[in-house]
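The structure appears right after this line, and notes come after that.
Values quoted throughout were computed directly from the atomic coordinates according to the rules given, and no laboratory measurement underlies them. What you see is a predicted model; the values in this text were computed from it and never measured. Here Cβ is always computed from backbone atoms with ideal geometry, including for glycine, and neighbour counts include all displayed protein chains.
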Amino acid sequence: MPVLKVLCGCIAFKAHFLPVRVKFEADSNTLTGGLIVPEERSRLPSRSTGGTDALRKLKRVVKKILGPGQDELALAVSQLESIQACRDTSLTGDDDQKILAVCRLVEYGSEAFESLELVLHDDSDKVRTTAVGMIGYLGDLRGIQALQSMESDSNSDVQWMAQYSIQRLWELPTELEPEVPTTIREVKTAEVRFVLDEPMPLYYTDDVIVNHNYSISANSLTFNLDVRNESSEPLQDVTVAILAFPSGSLKAPKKRIVKIEEIPVANRILLEFNMQIFNECIEGEIVTAVRFTDTKGDRVAAKAGHCFVRSFFEHLEPTKTTSEEFLKVKKRMEYWNREHVLEVEPQKLLNILENVMERKNLYVFRSETAERDGLLMGLTAGMGRGQFGGALIVITLTLVGRRDDNLSKLRIDIYTEDVEFLHTAASQLFEDIQQQVLGNE
């Protein structure tokens, strides 16, 4: 297979770099007066083919060199019949197989971007160089950010290829997308309605302590309020009210105002407000007011504060699917991604991610791990459906890190049919992962 490595390298190089010719300036008879410009081609391979013609030519050339019965490349190509096969080979094959799989991955367009990005961490300089070049050829603008770190790679070929690919991506012509009619959806995160028909108190006190928390079930949110009298006098004509709440997903409780005749010294009251849920995405503040009359007859307010509530995954139903079915629905989904670097060993983070996915009401349809020369890579993906609106959501977690290192790179990709899901799901998910990394759960 050594000849395959050379030929694959040539094909990868040829797919990215146009031939050059020397063009002399007018009245110049020396080479120093010339300009090196790309040679024009009458026909360029389309971005969607990803170098398929080049692979076919490579196959024919190798067949002539190796002779009948020794067509190793033909056998290797025949084994790369799906994007999943290409992904697996690009991570676990030998260097020759990886280079071939990387070239083949480009045929799948942007669907292969994440897989190509993982190959950037390969130990082989030639494999990394090929992956960098293919990301540049892919034309996906996410490649600009992905390749920036490769400009400081330990190998000069990788550095040079990264610089060229980034420049190529920056210079890609902007293609106008067909105009798609959009519907502006108003999202109400909080309703502010002052329901207390009385003047604002002029005095505040720190001697009345107000604490709050909430609990979530599949269909309701229970808001608990604890009012404790630590002053030296009883509280008269106490009024407790909910002034605001996330009305875009919660129905108002039956009673938003509760009146209490008296709270004696060193006593407390516990109140419970039940709100029905009608939207999967709950995020906002519950604003309360606690007011009372002191022994002088003045109205006084306690410092009630705000309670931030967030809930999403509790309102999903696991939805069975396969990787192939996901690819079909993926095109119509909204997309969001973010990368994080966490101070945790890769194996520990991998265990955490598997635990998180199981707890988030997601059906895990893909779970993979691979390790090579101490580099651990893991991927898990799950799908769920909102129990109120029925919108689908898919979350993919990708991990890369070295076993002997205390740093791990985590990428979160979220696809959903409801744009409102994106940031609430991402925030709650990463917060849960952080809590487990810190050992707070």
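May I ask for the distance between the Cα centers of the range 79-140 and the range 320-376, given as a whole number of Å?
19
Past 30 Å, Cα to Cα, is the threshold; run Lys126/Lys330; Lys98/Lys331; Lys126/Lys320; Lys255/Lys360; Lys360/Lys409 against it and keep the listed order.
Those over the limit are Lys126/Lys330; Lys126/Lys320; Lys255/Lys360.
So, R0 is 25 Å and r is the distance between the beta-carbons of Thr295 and Ile260; what FRET efficiency does that work out to, to 0.05?
0.90
Going by a ≥ b ≥ c, the root eigenvalues of the Cα gyration tensor, does the range 297-441 fall in the rounded group (a/c under 1.5), the prolate group (a/b larger than b/c) or the oblate group?
Oblate.
Between Phe388 and residues 5 or more places away or on another chain, which pairs have amide H atoms under 5 Å apart, with H built 1.01 Å from N, and which residues are they?
Glu280
Quick one: Karplus J couplings for the range 245-256, per residue in order, coefficients 6.51, -1.76, 1.60, θ = phi - 60°, nearest Hz, x for Gly and Pro?
Rounded to whole hertz, the list is 6, x, 6, x, 9, 10, 8, 4, x, 4, 10, 8.
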